[in-house]
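Quick notes on the structure that follows.
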Amino acid sequence: MAFQERWGGIALPPAPAYEGGPRVLEADVPEGSTEDGWRFPAGGCRVSMAHGFEIGPGGEFGIDADRWTPLHASTEGWVEALALADHAGYWAETITKIKGDAVEELDLDGFEPVHEVQGLADTWWRGKDSLIAVYRGEASGFDASRCLRAHIYGGLDAWGLGK
């Protein structure tokens with residue numbers, strides 16, 4: 001009920017990964033057990049996909065694919081990540097997309113974590129003139145390295161960096 005009162009009905013920009021993500025945040029009936037913890041669906045997906053978005057027992061926002069994978073420590077983190085992706089995508093001079101094993105080779109020296117997104121599986125990094133979003137949640141959920149993705153938003157000024 002607390003989730004629905006705070007987030008129910010909020011329309012979201014599309015997620016750059018996860019096939020667009022949920023369109024609207026809305027709570028559904030809890031799933032799980034006392035032993036494994038309770039989760040509840042957090043909104044219908046934009047397209048048909050093999051995973052759904054859920055809120056975990058500690059308030060984590062994540063996906064339930066072959067297994068539960070928290071993406072962010074809270075719903076706020078998910079919303080911040082979507083807002084940042086939308087903002088950076090608009091202001092970036094370049095957007096470079098990397099997939100698979102190349103994601104693990106990204107050099108993040110000189111970058112600092114973007115704490116607002118509260119990343120767990122998915123993280124954001126801020127550099128001098130760029131932002132990097134690393135999406136690991138699908139890889140964790142499906143246990144498949146091919147799902148690893150990163151988006152590098154380059155050529156950003158102070159406004160585009162979202163500081």
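The values are calculated or read from the model by the stated rules, or taken from the named source; none is laboratory data. Everything quoted here is computed from the prediction, not taken from an experiment. Virtual Cβ from ideal backbone geometry, glycine too; neighbours counted across all protein chains shown. All accessible areas refer to the heavy atoms of the entire protein, side chains included, with ligands and DNA or RNA removed. Shrake-Rupley method; radii C 1.70, N 1.55, O 1.52, S 1.80 Å.
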Return the residue satisfying two criteria in turn: it lies in segment 138-158 and is over 21 Å from residue 82 (Cβ atoms) and without any contact (Cβ under 8 Å) to a residue 40 or more places away in the chain, and of such residues it is most open to solvent (accessible area, probe 1.4 Å).
158
Kindly provide the set of residues from segment 40-81 that are more than 10 Å from the chain's Cα centre (by Cα) and in a strand (DSSP E or B), ordered by number.
40, 41, 45, 52, 53, 54, 55, 64, 68, 69
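For segment 20-36, which positions are outside any loop (DSSP other than H, G, I, E, B) and surrounded by 13 or more Cβ atoms within 10 Å (Cβ to Cβ)? Don't jump to the end; show me each part of the working.
In the first step, residues of segment 20-36 are kept if they are outside any loop (DSSP other than H, G, I, E, B); the result is 20, 22, 24, 31-33.
Answer for segment 20-36, where residues must be outside any loop (DSSP other than H, G, I, E, B) and surrounded by 13 or more Cβ atoms within 10 Å (Cβ to Cβ): 20, 22, 24, 31, 32.
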Tell me, which residue of segment 56-84 that is modelled with pLDDT of 90 or more and touching a Ser or Thr at 6+ places or on another chain (Cβ under 8 Å) is farthest from residue 24 (Cα to Cα)?
69
List the pairs whose first member sits in segment 120-137 and is more than 14 Å from residue 97 (Cβ to Cβ), whose second member is acidic (Asp, Glu) and open to solvent by 10 Å² or more (accessible area, probe 1.4 Å), and whose Cβ atoms are under 6 Å apart, counting only residues at least 6 apart or on separate chains?
126/112
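Could you check how many residues of segment 24-55 are β-branched (Val, Ile, Thr), more than 19 Å from residue 138 (Cα to Cα) and at pLDDT 80 or above? Break it down into steps so the answer makes sense when it comes.
So the first thing to find is which residues in segment 24-55 are β-branched (Val, Ile, Thr), and the list is 24, 29, 34, 47, 55.
Those left that are additionally more than 19 Å from residue 138 (Cα to Cα): 24, 29, 34.
With at pLDDT 80 or above added as a condition, the list becomes 24, 29.
Looking only at that region, the number is 2.
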Taking interchain pairs and intrachain pairs at least six residues apart, which have beta carbon atoms under 8 angstrom, with the first residue in segment 45-74 and free of Cβ contacts under 8 Å to residues at least 60 places away in the same chain and the second of a type in the set (Ser, Thr, Tyr)?
49/18; 53/18; 55/75; 59/74; 59/75; 61/74; 61/75
Filtering segment 6-23 for residues that are within 15 Å of the chain's Cα centre (by Cα) and among the aliphatic types (A, V, I, L, M) leaves a count of 3
Any residue in segment 86-93 that is without any contact (Cβ under 8 Å) to a residue 60 or more places away in the chain and within 17 Å of residue 122 (Cα to Cα)?
no
Can you name the condition, by its number, that residue 76 falls short on among (1) touching a Pro at 6+ places or on another chain (Cβ under 9 Å); (2) open to solvent by 30 Å² or more (accessible area, probe 1.4 Å); (3) not β-branched (Val, Ile, Thr)?
(1)
Within segment 114-124, the residues that are more than 11 Å from residue 74 (Cβ to Cβ) and surrounded by fewer than 20 Cβ atoms within 10 Å (Cβ to Cβ) are 115, 121
